[in-house]
1. Which order results if 108, 92 are arranged by neighbouring Cβ count within 10 Å, fewest first?
2. Once the dipole of the chain is set up with Lys and Arg at +1 and Asp and Glu at -1 on Cβ about the Cα centre, which of 12, 109, 61 lies farthest towards its positive end?
3. Please give the helix 74-99 orientation as an angle from the longest Cα principal axis of the chain, in degrees from 0 to 90, rounded to the nearest 10.
4. Using only Cα atoms, find the angle between the long axis of helix 42-59 and the longest principal axis of the chain, and express it within 0 to 90 degrees, rounded to the nearest 10.
5. Using Cα centres only, tell me the gap between the stretch 2-42 and the stretch 98-134 in whole Å.
6. Within a 10 angstrom radius of the beta carbon, how do 33, 103 rank from fewest other beta carbons to most?
7. Take residue 19 and residue 131, extend 7 Å from each Cα along the Cα→Cβ direction, and tell me the distance between the two endpoints in nm.
8. So I have [x] 18.2, 65; [y] 18.7, 63; [z] 22.8, 69, and one of them is Rg and Dmax of the Cα atoms in Å calculated from this model. Which one is it?
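Readers should treat all values here as calculations from the given coordinates under stated rules, not as data from a laboratory. None of the values given here were measured: they were computed from a predicted structure. All Cβ positions, glycine included, derive from the backbone under ideal geometry; neighbour counts span all protein chains shown.
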Amino acid sequence: MKILPFYKWIAGSMTDFTNQFKNNEILYNQARKYWKDLESSSVIILLIFIVLGIAMTICYYQPYNNRPGRHYTPKHWLFFLAGTFIFSFLMTWGFEYFAVPSKLTGTTILQMKIALGNAIYASFLYFFVSVIWCFALPTNAYRLFKF
């Protein structure tokens, strides 16, 4: 399943990545193989942002806000948004680093770009699920999006 084009806006395409190695055929082939290996495990990258975006929203609106104490302020919602961004970035980068290792130069930058894109997507998902939760589901959390 080809999911890396989903991150093309931040990470570029395979051509962009492999062009830096076009003068050395061995490195060029290694770069193409690395991209294909990364592409083959990109479903997990997609799952990371989906699971973390939804899980962090559920954690904010259910167990966190059902504990005693006043947690339902915009500040707490923003902390969970920031946590979603950071956890998604770190989990994506860690997965890419350990699941698809490479000794090529430039792969760390590519991994960071994809992880950054994934963190942005997870944050958007957190925002979107929060809007739905505020309008459709019961909660004692701050209804940031309900007017």
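1. Numbers: 108 13, 92 26.
By the 10 Å Cβ count, ascending, the order reads 108, 92.
2. 61
3. Computed tilt is about 30 degrees.
4. 10 degrees
5. Their Cα centres are 17 Å away from one another.
6. 103, 33
7. Here the answer is 3.5 nm between the modelled labels.
8. Only one option fits the structure, namely [y].
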